[in-house]
1. Considering the range 112-134 alone, what residues qualify as being farther than 30 Å from A213 by Cα and in a helix (DSSP H, G or I)?
2. Within the range 71-110, restricting attention to residues that are without any contact (Cβ under 8 Å) to a residue 60 or more places away in the chain and hydrophobic (A, V, I, L, M, F, W, C), which residue is farthest from E203 (Cα to Cα)?
3. Can you find a residue in the range 289-308 that is within 22 Å of S436 (Cα to Cα), in contact (Cβ under 8 Å) with a residue 12 or more places away in the chain and not in a helix (DSSP H, G or I)?
4. Based on this model, can you work out whether E394 counts as among the charged types (D, E, K, R), within 29 Å of T222 (Cα to Cα) and either buried (at least 17 other Cβ atoms within 10 Å of the Cβ) or in contact with a Lys or Arg (Cβ under 6 Å, 6 or more places away or on another chain) (or both)?
5. Report yes if R242 is in a helix (DSSP H, G or I), more than 20 Å from the chain's Cα centre (by Cα) and not hydrophobic (A, V, I, L, M, F, W, C), otherwise no.
6. Are there helices (runs of 4 or more DSSP H) fully within the range 1-97 with at least 3 residues that are over 21 Å from the mean Cα position of the chain (by Cα)? List them.
7. Suppose we filter Y262, Y283, Y257, Y309 for residues that are closer than 25 Å to L410 by Cβ and of a type in the set (F, W, Y); which single one remains?
8. Go through (1) in a loop (DSSP other than H, G, I, E, B); (2) out of contact with any helix residue (DSSP H, G or I) (no Cβ under 9 Å at 6 or more places or on another chain); (3) buried (at least 18 other Cβ atoms within 10 Å of the Cβ) for A325 and report which single condition fails.
Amino acid sequence: MPFVMKNVTIVGTGYVGLVSGTCFAELGNDVTCVDVNEQKVQMMQDGQVPIYEPGLEELFARNIAGGRLKFTTNLAEAVASAEIIFLALPTPPGDDGSADLSYVLGVADDLGPLLKQYTVIVDKSTVPVGTAEQVRSRMAKNATVEFDVVSNPEFLREGVAIRDFMEPDRVVIGSSSDRARKVMGELYEPLISNGSPIFYMNERSAELTKYAANSFLATKITFMNQIANMCEMLGADVESVRLGVGSDQRIGNRFLYPGIGYGGSCFPKDVLALIHTAKTNNYDLSLLQTVIDQNKEQQKVLIAKVKKYFGQDLSDRTFAVWGLAFKPDTDDIREAPALVTIRALIDAGAKIRAYDPEAMDNIRKFFGDDPNLELVEEEFQALEGADALLVTTEWKQFSAVSLQRVKEKLKAPIIFDGRNIFQLEDMAEAGFYYESIGRPIVRP
């Protein structure tokens, strides 16, 4: 199937919308991104990227300069000549775990009367099973031209999203329309011709695929964290166990790294949403409820280690914290384990001095002017006179530091590593007291 340049509109310029829009433009399409946030749109029109994602700024600038990437707040203007409209809108979780579809369905109501020709409407947001049918129904009330609704879930990982888009493991297209499948196939032809597989299925199957994939990965992480906890009890080393387990091709070695729990915008929200879907269909997904409960407990593991060493009352203690984002190579702090760690230590009387390469502004907004939290400009500044260092995000720059310099800055050579970024042998040689996840304690 030959590549055919498309007029593409992206509704919503959050993480998924902006990355997808920029990458579609990079593939040669004419892309218009629309958002209701006037300040954000003006910022992007001025060439500024509102999120941190490695490699995005370069593509963003190149495609704006090439006239392939534009931004507006005017929905009617954005969709006037669109052949494909992607809905990349937030679907935040409700108190019961259900996905809030108000943004998606609200735009569906608005789009109906604005369409001028046959258009493919694409749910790019992660949405519950049956959403495509709801979007179709809402649009049909006011539409005067033919359209199809497609489910095309995203599988972008923050920090490597550009690569994930350009070299996807798979492209999932959920549609019962041959006409829509042809349009989507033409759009994704540059990726398919490079060897990425495309899977066509019905809309409900595509919607469930995204939830199933993220829930499985969350389960895999949680299982390995529990094995790591058992390693500590039984005198085993989780790194050896991980290698032994991951070498089995039926299991694979990805998402087997133990730590202090998963976070971010996807795994917590998507697991909750799938559980809610199961409940509304009178099915008990007890396995996933356990995943949620155990992940919450895992986020407290580092806190327990600190209190076991220093005592329950942490008054007059100062701790350095390295890493605030939920994972490296992003500024996203949503559901980040570091937030749980910092709040618990402050509640126990401690003062925190923290650093992250990208997430500092978001942390300032989250904690406000808490006098017990000091945010510093570089990692070694956080160590000055601290009672111990806590590692909560595995940024590469942290694992490459001079251990001798770390030792000189700390009040005592004590590290609690929630991401296992250091080698036990190096810690022993440098004379640290070192606790990590699922591995033996190193004592000086």
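1. The answer is G112, P113, L114.
2. Per the criteria, the residue is F71.
3. yes
4. Criteria met by E394.
5. Yes; evaluated as a whole, the condition is true for this residue.
6. Result: 38-45, 56-65, 75-79.
7. Y309
8. The single condition A325 does not satisfy is (2).
The values are calculated or read from the model by the stated rules, or taken from the named source; none is laboratory data. Remember, predicted model here, so these are calculated numbers, not experimental data. Note: ideal-geometry Cβ built from the backbone for every residue, glycine included; neighbour counts use all protein chains shown.
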